[in-house]
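Written below as structure tokens is the structure these notes are about.
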């Protein structure tokens, strides 16, 4: 598991805008990102992911990411060993297989 996020997507977009303004005023990306409190590597990673997004688009992106997270077995219905299309194969030891028609 990764670390908890320190910045929300809205904050990230605002930091990216702040850095772009500083670069337009003659600062380097390295200096501008350090003044914003992030490393240059994080700046480029965020720019790749959130580059042309606006604040309202980041909210939608966040919603889509939450929808696409895998659900635990109990939230999908059956736990795998009790699912009607799941059969434990005792002859193969711990291996189990799905019965797909």
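Taking the number of Cβ atoms within 10 Å of each Cβ as an exposure proxy, the fewest-first ranking of 35, 10 is 35, 10. Distance between the 7 Å Cα→Cβ label points at residue 64 and residue 34: 3.6 nm.
Between the beta carbons of residue 41 and residue 8, assuming R0 = 22 Å, the FRET efficiency works out to 0.65 to the nearest 0.05. Prolate is the label for the range 7-69. Its Cα gyration tensor axes, ordered a ≥ b ≥ c, give a/c of at least 1.5 and a/b above b/c.
Computed from the coordinates by the stated procedures, all read-outs in this text should not be read as laboratory data. On a predicted model such as this, the values are computed, not experimentally measured, just so you know. Backbone-built Cβ (ideal geometry, glycine too); neighbour counts: all protein chains shown.
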